[in-house]
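J.: Okay, here's the structure, questions in a sec.
The values are calculated or read from the model by the stated rules, or taken from the named source; none is laboratory data. Since the structure is predicted, the reported quantities are computational estimates derived from the model, not experimental observations. FYI the Cβ positions are ideal-geometry reconstructions off the backbone, even for glycines, and counts take in every protein chain you see.
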Amino acid sequence: MASRQDLTKHVELVGNVVRSTLLKRSLTSVNADPQLNFWRIIYGNLLDVAVVAWCMIFGADSEPTHWKKIVPVYRHELFRASLLSAMSVDESQWAAYWEEMKAYRDTQVAHYQEGAERYPSLGLALESSYFYYGYLLKELRQLGETGFPGDLRQYGEKFEFQSVKIANVALNSTAAIKEEVF
């Protein structure tokens, strides 16, 4: 079994994926095309954080925080099959999504490549994070840890609901400000 510290680190990474994704979605639902650079930068940074955190967990096997460092080797195939089943995707769909996320990270976040601007969808990142959190939580509960929400999806729904309310107030409060820095 992985250590409490390692499991907690993975919970924090999964939480970054989920909160960043849902906060970006909340802001976008209120105003998909904000006029202020202030908001555009925040939207972009939320996407970048979600992708980087997701890649730390589901990217290259060599990542020190890859899920394979937590899930015992003898469970890798079962974990992967269960993950794909939970997301209703097959191996080739997952591989294509993995490539999309990694390419965005590699060409837009960690490095820059002209003409590579293609923004990934975060749907599968969210679903894979929910699934992995369930695995992590089960392991943490066996260690007696009770400080994390029992259901990350439910937590996410509450977080998103509150975020939409905050986004409405925040975006509306800046609506009359004209962009002065181009």
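J.: Hey, can you tell me all the residues within segment 33-46 that are farther than 30 Å from residue 140 by Cβ, of a type outside the set (Phe, Trp, Tyr) and in a helix (DSSP H, G or I)?
T.: Residues of segment 33-46 farther than 30 Å from residue 140 by Cβ: 33-44.
Among the residues that remain, those that are also of a type outside the set (Phe, Trp, Tyr) are: 33-37, 40-42, 44.
Within segment 33-46, 37, 40, 41, 42, 44 meet the criteria.
J.: Only one of 48, 90 is loosely packed, with under 14 Cβ neighbours inside 10 Å and modelled with pLDDT of 95 or more; which? Steps first, answer last, please.
T.: Values: 48 fails: loosely packed, with under 14 Cβ neighbours inside 10 Å.
Result of the check over 48, 90: 90.
J.: Out of the residues in segment 93-116 meeting the condition of being aliphatic (A, V, I, L, M), surrounded by fewer than 17 Cβ atoms within 10 Å (Cβ to Cβ) and within 18 Å of residue 52 (Cβ to Cβ), tell me which one is modelled with the lowest pLDDT.
T.: As a first pass, look at segment 93-116 and keep what is aliphatic (A, V, I, L, M): 95-96, 101, 103, 109-110, 116.
After this cut, where a residue has to be surrounded by fewer than 17 Cβ atoms within 10 Å (Cβ to Cβ) as well, the list is 95-96, 103, 109-110, 116.
Next, from what is left, pick out any that are within 18 Å of residue 52 (Cβ to Cβ): 103, 109-110, 116.
Working: 103: 92, 109: 85, 110: 72, 116: 57.
Once the filter is applied, the top-ranked residue is 116.
J.: One residue is enough: does segment 108-120 have a residue meeting the conditions more than 29 Å from residue 3 (Cβ to Cβ), out of contact with any Leu (no Cβ under 6 Å at 6 or more places or on another chain), among the polar types (S, T, N, Q) and in contact (Cβ under 8 Å) with a residue 60 or more places away in the chain?
T.: yes
J.: Return yes when residue 143 is of a type in the set (A, V, I, L, M, F, W, C), in contact (Cβ under 8 Å) with a residue 24 or more places away in the chain, out of contact with any strand residue (DSSP E or B) (no Cβ under 6 Å at 6 or more places or on another chain) and surrounded by fewer than 17 Cβ atoms within 10 Å (Cβ to Cβ) and no when it is not.
T.: Values: of a type in the set (A, V, I, L, M, F, W, C): yes; in contact (Cβ under 8 Å) with a residue 24 or more places away in the chain: yes; out of contact with any strand residue (DSSP E or B) (no Cβ under 6 Å at 6 or more places or on another chain): yes; surrounded by fewer than 17 Cβ atoms within 10 Å (Cβ to Cβ): yes.
For residue 143, the condition - of a type in the set (A, V, I, L, M, F, W, C), in contact (Cβ under 8 Å) with a residue 24 or more places away in the chain, out of contact with any strand residue (DSSP E or B) (no Cβ under 6 Å at 6 or more places or on another chain) and surrounded by fewer than 17 Cβ atoms within 10 Å (Cβ to Cβ) - is met.
J.: Inside segment 117-129, can you point out the residues that are out of contact with any Asp or Glu (no Cβ under 8 Å at 6 or more places or on another chain), more than 14 Å from residue 46 (Cβ to Cβ), surrounded by fewer than 20 Cβ atoms within 10 Å (Cβ to Cβ) and not small (Gly, Ala, Ser)?
T.: Correct list: 117, 127.
J.: Going through 109, 30, 49, 14 one at a time, which residue ends up being out of contact with any strand residue (DSSP E or B) (no Cβ under 9 Å at 6 or more places or on another chain) and under 23 Å from residue 141 (Cα atoms)?
T.: Working: 109 fails: under 23 Å from residue 141 (Cα atoms); 30 fails: under 23 Å from residue 141 (Cα atoms); 49 fails: under 23 Å from residue 141 (Cα atoms).
After applying the criteria, what remains is 14.
J.: May I pose another question? Regarding residue 20, is this residue in contact with a helix residue (DSSP H, G or I) (Cβ under 6 Å, 6 or more places away or on another chain), at pLDDT 95 or above and not β-branched (Val, Ile, Thr)? Break it down into steps so the answer makes sense when it comes.
T.: On the way: in contact with a helix residue (DSSP H, G or I) (Cβ under 6 Å, 6 or more places away or on another chain): yes; at pLDDT 95 or above: yes; not β-branched (Val, Ile, Thr): yes.
Yes: the conditions hold for residue 20.
J.: Go through (1) of a type outside the set (Ser, Thr, Tyr); (2) farther than 17 Å from residue 157 by Cα; (3) modelled with pLDDT of 95 or more for residue 25 and report which single condition fails.
T.: Evaluating residue 25 over (1) of a type outside the set (Ser, Thr, Tyr); (2) farther than 17 Å from residue 157 by Cα; (3) modelled with pLDDT of 95 or more leaves (2) as the failure.
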